[in-house]
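Quick notes on the structure that follows.
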Amino acid sequence: MSLPSQRREQHDRSAVTVLGLGPMGRALAGAFLAAGLRTTVWNRTPGRDRELVVRGAVGARSAEEAVSASALTVVCVVNYDAVDAILRPAAVTGALKGRTVVNLTADTPYRARDAAAWAAGHGVRYLDGAIMTPTVTIGTPDAILIYSGPEDLYREHRSVLDALGGTHTFLGEKICRAAAYDIALLDIFWTAMSGFNHALAVARAEGITARELAPFAAGIGAILPTIFSEVAEEVDQGTFSGEGNPLTSAASTMAHVIHASEAHGIDAGVMRAAEGLARQAIGLGHGAEGLHRVSELLRRAAALHKSRQD
């Protein structure tokens, strides 16, 4: 290898392109810049790169120009429809051939598989991923990022990705695993936040302020990690102990929440859905078991749905 080509390869390894300059994209690009990496940026809406360019980023005039500037492109936009609109035009796809895309956009496992198939068909090296923490954590020890896809690709670009800070976890070569983790964890988060907001409405209807309730809500949150671990162990073992809190008791307390909510004219649709699943499990003879029996019922329904599709 000639000396100029060696220098070019080293230069490419210290370069990264960021596509998408929403709040998270700007945070990613900022972290790369702070780490001293040559960073090229591009966004569909002009003007969002100004602050980054002032800090030293190269503002590309087009997506094609942006991906041509680096061996590694990190894309983070609103969904995979936006990813497709950016990457799949012929000129951009051609420029990406032989290069790596790390897609940190949130979407479904199905879309991750589709993106990987497209990339493989066009000679694009593809790694899927997800960001599990807010923008303010990027570039700090609190950031959490997950990845799935070809492990050699992850190892190759890990030194650049480390600039994003925090913890990086490789979940395996099955391309959709990062998206599947992301969806499952978002399910927990948004269901919990919906429950908290509903609880605030009920409490305030009874004259309790949000600030008065918050410390007690934090107490509920504090016991959840232990419960999560115990339930996960039982679900994987196929046991569903209801000792201390059987489904019949859980369904009864859910009914209390529904009645108290609706007495104030507060929609209780989410809790009604939860109670409905619990009652379904009870009707199938699982009343003495724990609420986590519901996860098995849902899993069986998913398997039945898949068999019908096949």
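The values are calculated or read from the model by the stated rules, or taken from the named source; none is laboratory data. None of these values were measured; they are calculated from a predicted model. We place every Cβ from the backbone using ideal geometry, glycine too, and count neighbours over all the protein chains shown.
Structure notes:
- Residue within the range 118-132 that is closer than 17 Å to Ala178 by Cα and part of a loop (DSSP other than H, G, I, E, B) present: yes
- Residue within the range 212-225 that is of a type in the set (Asp, Glu) and surrounded by 14 or more Cβ atoms within 10 Å (Cβ to Cβ) present: no
- Residues of the range 142-192 satisfying the condition of being surrounded by fewer than 19 Cβ atoms within 10 Å (Cβ to Cβ), assigned to a helix (DSSP H, G or I) and of a type in the set (Val, Ile, Thr): Ile183, Ile188, Thr191
- Residues in the range 269-288 that are hydrophobic (A, V, I, L, M, F, W, C) and either within 15 Å of Ala301 (Cβ to Cβ) or in a helix (DSSP H, G or I) (or both): Val270, Met271, Ala273, Ala274, Leu277, Ala278, Ala281, Ile282, Leu284.
- Test: residue in the range 125-132 that is farther than 20 Å from Tyr80 by Cβ and in the same structural domain as Pro23 (by TED's automatic domain parsing): no
- When the range 25-50 is filtered for residues that are surrounded by 13 or more Cβ atoms within 10 Å (Cβ to Cβ) and more than 25 Å from the chain's Cα centre (by Cα), the ones remaining, listed by number, are Leu37, Arg38.
- Residues satisfying the criterion are present in the range 216-223 (criterion: at pLDDT 95 or above and within 23 Å of Ile131 (Cα to Cα)).
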